[in-house]
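Some notes on the structure that comes next.
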């Protein structure tokens with residue numbers, strides 16, 4: 001009988017010990033779960049509010065608005081820069097540009113180019129008569145802001161029998177940002193017509209960004225043309 005009582009006592013003690021151990025584990029797990037939940041909330045209360053009383057959705061909306069504001073600021077800066085590049089130049093600004101390129105020719109000036117290197121023999125005069133900006137040419141619209149048409153006269157001083165063609169003459173345009181644009185070819189190429197003997201006149205076509213001045217380079221010669229000197233706008 002004593003053995004039975006002892007055995008039952010041991011069983012009861014074991015049951016109690018197991019129950020206590022289970023309660024301790026549950027309390028520890030609950031504490032760890034609360035800590036994780038607190039970390040995930042990052043200072044938000046049970047209603048989803050942060051420390052300043054803003055909801056999570058309100059904070060997300062605020063972040064999105066900040067991103068949109070930044071993008072708007074960038075667009076505004078780009079627009080302002082472009083406006084500065086295309087606004088009318090004062091006489092002082094124009095003179096500063098002329099001083100920067102003292103060797104550049106102007107509209108109406110005649111520039112002389114001569115070369116004899118065993119490959120080609122050229123003795124030419126170039127003169128820019130005028131220029132204009134157009135929105136399209138024969139139904140074709142520019143990829144940039146406009147087409148720049150530079151009316152040029154070329155005189156062949158060697159009086160070679162063959163016609164002068166601008167397809168083989170190295171020419172390009174730079175704007176005020178020093179971006180370079182090459183003359184258009186294929187269907188936008190404009191043929192030069194002979195007027196007086198060995199004198200040819202026609203338009204060079206460039207697809208350009210709008211600028212308050214351009215530098216037209218023909219071989220190693222450079223012409224400077226200002227936007228306010230345009231002969232015609234369409």
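The values are calculated or read from the model by the stated rules, or taken from the named source; none is laboratory data. Model, not experiment: these values are computed from the prediction. Don't worry about glycine lacking a Cβ; one is built from the backbone with ideal geometry, like all the others, and counts go over all protein chains shown.
Within the set 127, 143, 132, 94, the sole residue that is modelled with pLDDT of 90 or more, in contact with a strand residue (DSSP E or B) (Cβ under 7 Å, 6 or more places away or on another chain) and exposed (fewer than 11 other Cβ atoms within 10 Å of the Cβ) turns out to be 143. One residue stands out in the range 206-234 among those that are modelled with pLDDT under 95 and part of a strand (DSSP E or B): the one that is nearest to residue 156 (Cα to Cα), namely 232. Is it true that some residue in the range 169-191 is at pLDDT 95 or above and under 16 Å from residue 126 (Cα atoms)? Yes, the range 169-191 contains at least one residue that is at pLDDT 95 or above and under 16 Å from residue 126 (Cα atoms).
How about the range 191-205: which of its residues are part of a loop (DSSP other than H, G, I, E, B) and touching a helix residue (DSSP H, G or I) at 6+ places or on another chain (Cβ under 8 Å)?
If the condition is that a residue be part of a loop (DSSP other than H, G, I, E, B) and touching a helix residue (DSSP H, G or I) at 6+ places or on another chain (Cβ under 8 Å), then 192 is the only one that fits.
Take residue 213 and decide whether it is on the phi > 0 side of the Ramachandran plot and touching a strand residue (DSSP E or B) at 6+ places or on another chain (Cβ under 8 Å).
no
With the structure loaded, tell me whether residue 122 is surrounded by fewer than 19 Cβ atoms within 10 Å (Cβ to Cβ), outside any strand (DSSP E or B) and assigned by TED's automatic domain parsing to the domain that holds residue 229 or whether it fails that test.
no
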